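The values are calculated or read from the model by the stated rules, or taken from the named source; none is laboratory data. Worth saying up front: this structure is predicted, and the values here are computed from it rather than measured. Note that we place each Cβ from the backbone using ideal geometry, even for glycine, and neighbour counts take in every protein chain shown.
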């Protein structure tokens, strides 16, 4: 499992090539390299779990996080293709896609949890434990038939039909 912080905010007008490269290095290529190193041993054992931490932005792009959304969408494609390739060997490859969770990044931008929860249908901001339990499930034996999926953990915030 990997998780890297998000690249700086940016839009089409103010995101240059260096910002995209940094985002791709941090949020896409690092996970690809981890998979290249870890999956062969998992395949040999006949069991393994890969769970990438991506973002709600994969399913519902966030306009002011352009470089992050681009990098994470590329990673999502890699994960889906890899999941199908390694599934016959007992290895699952998934991602967990957090929406708003009460973290240092959110709390530095929003004064309180009630304000942060506005617009989330569940009416709350997630906790690290909420997210951790979802990741732990995807990494468990009970999730052996779940592969190539992206699990939104967002309190219902994403509005798209295709999850």
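Points to keep in mind about this one:
- The residue list 97, 60 contains one member that is assigned to a loop (DSSP other than H, G, I, E, B) and touching a residue at least 24 places away in the same chain (Cβ under 8 Å), which is 60.
- Against the list (1) over 18 Å from residue 147 (Cβ atoms); (2) buried (at least 17 other Cβ atoms within 10 Å of the Cβ), the condition residue 94 fails is (1).
The rows are residues; the columns are (1) modelled with pLDDT under 95; (2) within 29 Å of residue 42 (Cβ to Cβ); (3) more than 15 Å from the chain's Cα centre (by Cα).
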{"position": "65", "(1), (2), (3)": "yes, no, no"}
{"position": "68", "(1), (2), (3)": "yes, yes, no"}
{"position": "75", "(1), (2), (3)": "no, yes, no"}
{"position": "79", "(1), (2), (3)": "no, yes, no"}
{"position": "86", "(1), (2), (3)": "no, yes, yes"}
{"position": "89", "(1), (2), (3)": "no, yes, yes"}
{"position": "109", "(1), (2), (3)": "yes, no, yes"}
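- Residue that is under 18 Å from the mean Cα position of the chain (by Cα), modelled with pLDDT of 95 or more and crowded, with 17+ Cβ neighbours inside 10 Å, where the choices are 42, 31: 31
- Going through (1) touching a residue at least 40 places away in the same chain (Cβ under 8 Å); (2) over 25 Å from residue 25 (Cβ atoms); (3) in a helix (DSSP H, G or I) one by one, residue 147 falls short only on (3).
- Odd one out for residue 120, checked against (1) out of contact with any helix residue (DSSP H, G or I) (no Cβ under 9 Å at 6 or more places or on another chain); (2) more than 22 Å from residue 60 (Cα to Cα); (3) without any contact (Cβ under 8 Å) to a residue 60 or more places away in the chain: (2)
- Residues being under 30 Å from residue 16 (Cβ atoms) and outside any helix (DSSP H, G or I) - total across region 31-57: 4
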